[in-house]
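The values are calculated or read from the model by the stated rules, or taken from the named source; none is laboratory data. Just so it is clear, the structure is predicted and the values come from calculations on it, not from any experiment. Reconstructed Cβ throughout: ideal geometry from the backbone, glycine too, with neighbour counts over all protein chains shown.
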Amino acid sequence: MNHKPDINVDYEEYPEPIGELRPEMKHYGRTREEQIKINQEGIEMMRKWREKESKMSEEELKEAEETWEMVKKIIDENRSRKFFS
């Protein structure tokens, strides 16, 4: 996990995990609250996407859906194991 979001997080306080973590350590050895604080940039980005989508016209929504379908088709055409179909 090398990406560090552009939020005010003290990475000395929340260092990268060392070694391999067990699957039950779903927050990389951090508490739930620490992981939520670290995830705030991504959460805010998704909120903005949802807000933008809620303001789109029917035509824009249809165009976005058609574009997404085309992207999925292109991805699957270039994979031996299909991801979307």
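Which count do you get for residues in the stretch 41-77 that are among the basic types (Lys, Arg) and surrounded by fewer than 11 Cβ atoms within 10 Å (Cβ to Cβ)?
Adding up the residues that qualify gives 5.
Which residues, counting only those in the stretch 40-66, are hydroxyl-bearing (Ser, Thr, Tyr) and either touching a Ser or Thr at 6+ places or on another chain (Cβ under 7 Å) or outside any helix (DSSP H, G or I) (or both)?
SER57
Restricting to the stretch 67-85, and then to whatever is of a type in the set (D, E, K, R) and assigned to a helix (DSSP H, G or I), can you tell me which residue is nearest to the chain's Cα centre (by Cα)?
LYS72
I need a count of the residues in the stretch 30-39 that are free of Cβ contacts under 8 Å to residues at least 12 places away in the same chain and not in a loop (DSSP other than H, G, I, E, B).
Adding up the residues that qualify gives 4.
Applying the selection to the stretch 19-60, what residues are at pLDDT 85 or above and hydrophobic (A, V, I, L, M, F, W, C)?
Answer for the stretch 19-60, where residues must be at pLDDT 85 or above and hydrophobic (A, V, I, L, M, F, W, C): ILE43, MET45, MET46, TRP49, MET56.
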